[in-house]
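The values are calculated or read from the model by the stated rules, or taken from the named source; none is laboratory data. Just so you know, these numbers come straight off a predicted model, no measurement behind them. Methodologically, a virtual Cβ is constructed for each residue, glycine included, from the backbone with ideal geometry; neighbour enumeration extends over all protein chains shown. Just so you know, the surface numbers come from the protein's heavy atoms only, side chains and all, with ligands and any DNA or RNA stripped out. Shrake-Rupley method; radii C 1.70, N 1.55, O 1.52, S 1.80 Å.
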Amino acid sequence: MAPIIQYTVFPASNDFTKDQSRFKDALEALTSAEGHTSSFYGLQEEEEVWESVEHQKKFRESAQGKFSQLFNSLKEAVAGELVQHQFTSIKGTPLPGFESANTEFVIITPKDGVSLDQVKEMAFKAYDVWNGNGHPSAVNEGDGMFLVTFGWDSTAHHVETVKNEPYHSFIGEFAAIAKFDISHANLKKQK
């Protein structure tokens, strides 16, 4: 069974940016669920990593109250639309990137006329290039898109690094066939 990532993005309310500890109890509801391996959160994202879709479904079905409590609590943190995606890990593991000082999230979708397989092939090449140069990465797939994660020392480190080879040429080649939605976060691991 491949691990899955529940990826949630929302504009944070002032309450959430000022005091994230208010939501700690709701986030902790996940930590004791069977099959749940870890949760990471930052000002823009929260990621859940599960051993399988089956474990996540079992938790949702058996803990409706806790799950509802989690999302009711998070509603206070959301200042706009809550967007969720579910991805299955298909190459690498996202945990080293999530545990890095700074995590880059890239949602990748094919441009018109480009197949998902072409984009997947380039995502695998991105994994090889970044991971091979000391930046932990992982490729995850779901709903006609990919989530590729990379670990960095900082956002500035990422920006400076990708100006150089082998990254610069590769990014141009990849951008010819795919659209990128890029964000960064300094994640904290829910314990």
Legend entry - Where Thr109 falls short, out of the listed (1) closer than 25 Å to Tyr41 by Cβ; (2) open to solvent by less than 30 Å² (accessible area, probe 1.4 Å): (2)
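Within region 146-156, take every residue that is modelled with pLDDT of 90 or more and either out of contact with any Gly (no Cβ under 6 Å at 6 or more places or on another chain) or within 15 Å of Ala175 (Cα to Cα) (or both) and give me the one that is surrounded by the most Cβ atoms within 10 Å (Cβ to Cβ).
Here is the first cut: in region 146-156, the residues modelled with pLDDT of 90 or more are 146-153.
Filter again for either out of contact with any Gly (no Cβ under 6 Å at 6 or more places or on another chain) or within 15 Å of Ala175 (Cα to Cα) (or both), leaving 146-148, 152-153.
Values: Phe146: 25, Leu147: 24, Val148: 28, Trp152: 21, Asp153: 12.
Among them, the one singled out is Val148.
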Inset, instruction - Being touching a His at 6+ places or on another chain (Cβ under 7 Å), among the charged types (D, E, K, R), loosely packed, with under 14 Cβ neighbours inside 10 Å and closer than 23 Å to Ile4 by Cβ narrows it down to one of Asp117, Asp181, Asp143, so name that one. - result: Asp143
